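J.: Submitted below is the structure of interest, expressed as structure tokens.
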Amino acid sequence: MADGATEKKLILSGIQPTGTFTLGNYIGAVRNWGPLQDQYRCLYFIADQHAITVKIEPAELRKKTLEAYAQLLACGIDLEKSLVFVQSHVPTHSQLAWVLNCSTQFGELSRMTQFKDKSRKHPDDINAGLFDYPVLMAADILIYNADMVPVGVDQMQHLELARNIANRFNGRYGETFKVPEGYIPPVGAKVMSLQDPTKKMSKSDTNPNAVILILDDKDTIIRKFKRAVTDSDTEIAFREGKDGINNLLTIYSAVTGKSIDDAVKEFEGQGYGTFKLAVGEAVADHLAPVRDEYARLIQDKAYLKECYTKCAGEALKMSYRTLNKVYKKVGFVPTELR
Ligand code: ATP
Ligand code: LTN
């Protein structure tokens, strides 16, 4: 880590290894993480403990965790500047989560929309971990006293809860945690499904045509965009009621850096078919270097292991400072074991 890094503000974010990252994960979250590295001290991790709140085969979780790790690096995260680790390698997160559970109300967890959505999706497995998920997320953030948390819009409710827990704990035990801020990207904070543009694009969507994966090849990307659901109108404009076109314009703007207004002008008078093809090509070209870098990294398991081991060691050291402070504040008898 660079000299003077200790004075830099701290950024932290996580992503679940529930599948190959989608264009939504990429535009709404991960691609913004790289550029933050020069200005901030950054910690990024694979949230494997969050991933087991829904059923996942052990072998699949192991594979996807490694793949997610390589994808983060392929998306421009530089280990010279940031720590990238696996959540379960740093046990202090879940140790803090237990303490924070006791400063969290049942009522506030019941109001979390992600809990309600996932309970509806998996009615046969509404487990306590799914309910408690936001408290572990609060612990992930508060254990490092993160200043800022870059996430997509869908995670803002969880972040707000983390802020409430921090304030409540500070009020009860005295100043302990920094109260974190969110960081939402200006464009693409919520990329929608290509098949139902009223729903967010999600890794765990069962319809492959709804989702662009960052490792999809060019032909696949173009085919999926060609099939994207739009409307029965013919005008390429950004306005209410045109969810499909709005989403395509947002994506186009996010990958080309052009404003939505400029994009609308560029396609004025053209048909939806031409527009969809142009969006597909722009996305495929934008993602090509990520795909190439991933293909290189995933071959080198020994390198990946060396990276996640070293980073987890550093993260553990940092996190113990907060955990020890918290244990002392709540009245646990000190031990030499930590
Ligand atoms: P799952 O389908 O397993 O719930 P997910 O695709 O929603 O996964 P997460 O791992 O929960 O992805 O999210 C990782 C990051 O990507 C978070 O910061 C989240 O806000 C962001 N994100 C997820 N989906 C989108 C989306 N469609 N648009 C913008 N950002 C998104
Ligand atoms: N809940 C997040 C992943 C996540 C996270 C975090 C993000 C787990 N812990 C801490 C930011 C900070 C998600 O599903 N996207």
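The values are calculated or read from the model by the stated rules, or taken from the named source; none is laboratory data. Please read these numbers as outputs of a predicted model, since none were measured by experiment. For neighbour counting, all protein chains shown are included, and Cβ atoms are generated from backbone atoms with ideal geometry for every residue, glycine included. Accessible surface areas use protein heavy atoms only, side chains included; no ligands, DNA or RNA. Shrake-Rupley method; radii C 1.70, N 1.55, O 1.52, S 1.80 Å.
J.: Hey, could you check segment 31-69 for residues that are among the aromatic types (Phe, Trp, Tyr) and farther than 19 Å from residue 129 by Cβ and say which is most open to solvent (accessible area, probe 1.4 Å)?
T.: Top of the filtered list is 40.
J.: Here is a further query. Consider segment 291-302. How many of its residues are in a helix (DSSP H, G or I) and either loosely packed, with under 14 Cβ neighbours inside 10 Å or modelled with pLDDT under 95 (or both)?
T.: Final tally of qualifying residues: 6.
J.: In segment 131-142, is there at least one residue being closer than 23 Å to residue 284 by Cα and either under 18 Å from the mean Cα position of the chain (by Cα) or not in a loop (DSSP other than H, G, I, E, B) (or both)?
T.: No, segment 131-142 contains no residue that is closer than 23 Å to residue 284 by Cα and either under 18 Å from the mean Cα position of the chain (by Cα) or not in a loop (DSSP other than H, G, I, E, B) (or both).
J.: Report, by residue number, each residue of segment 47-76 that is in a loop (DSSP other than H, G, I, E, B) and in contact (Cβ under 8 Å) with a residue 40 or more places away in the chain.
T.: Scanning segment 47-76 gives 47, 52, 53, 54, 55, 75, 76.
J.: I'm trying to understand the selection: among the residues of segment 259-281, which are part of a loop (DSSP other than H, G, I, E, B), surrounded by fewer than 17 Cβ atoms within 10 Å (Cβ to Cβ) and not acidic (Asp, Glu)?
T.: Those that are part of a loop (DSSP other than H, G, I, E, B), surrounded by fewer than 17 Cβ atoms within 10 Å (Cβ to Cβ) and not acidic (Asp, Glu): 259, 269, 270, 271.
J.: What number of residues in segment 37-58 are within 16 Å of ligand 1 (Cβ to nearest atom) and of a type in the set (Asp, Glu)?
T.: Number satisfying all stated conditions: 2.
J.: Only one of 66, 73, 100 is within 16 Å of ligand 2 (Cβ to nearest atom) and modelled with pLDDT of 95 or more; which?
T.: Answer to the check: 100.
J.: Checking the conditions here, which among 256, 220, 234 is free of Cβ contacts under 8 Å to residues at least 12 places away in the same chain and not acidic (Asp, Glu)?
T.: 220
J.: Can residue 208 be described as within 26 Å of residue 155 (Cβ to Cβ), surrounded by fewer than 17 Cβ atoms within 10 Å (Cβ to Cβ) and under 21 Å from the mean Cα position of the chain (by Cα)?
T.: It is true that residue 208 is within 26 Å of residue 155 (Cβ to Cβ), surrounded by fewer than 17 Cβ atoms within 10 Å (Cβ to Cβ) and under 21 Å from the mean Cα position of the chain (by Cα).
J.: Quick check on my filter: what residues within segment 110-151 are closer than 19 Å to residue 171 by Cβ and either polar (S, T, N, Q) or open to solvent by 10 Å² or more (accessible area, probe 1.4 Å) (or both)?
T.: Within segment 110-151, 145 is the sole residue that qualifies.
J.: Any idea which of (1) part of a helix (DSSP H, G or I); (2) within 16 Å of ligand 2 (Cβ to nearest atom) is the one residue 205 doesn't satisfy?
T.: (1)
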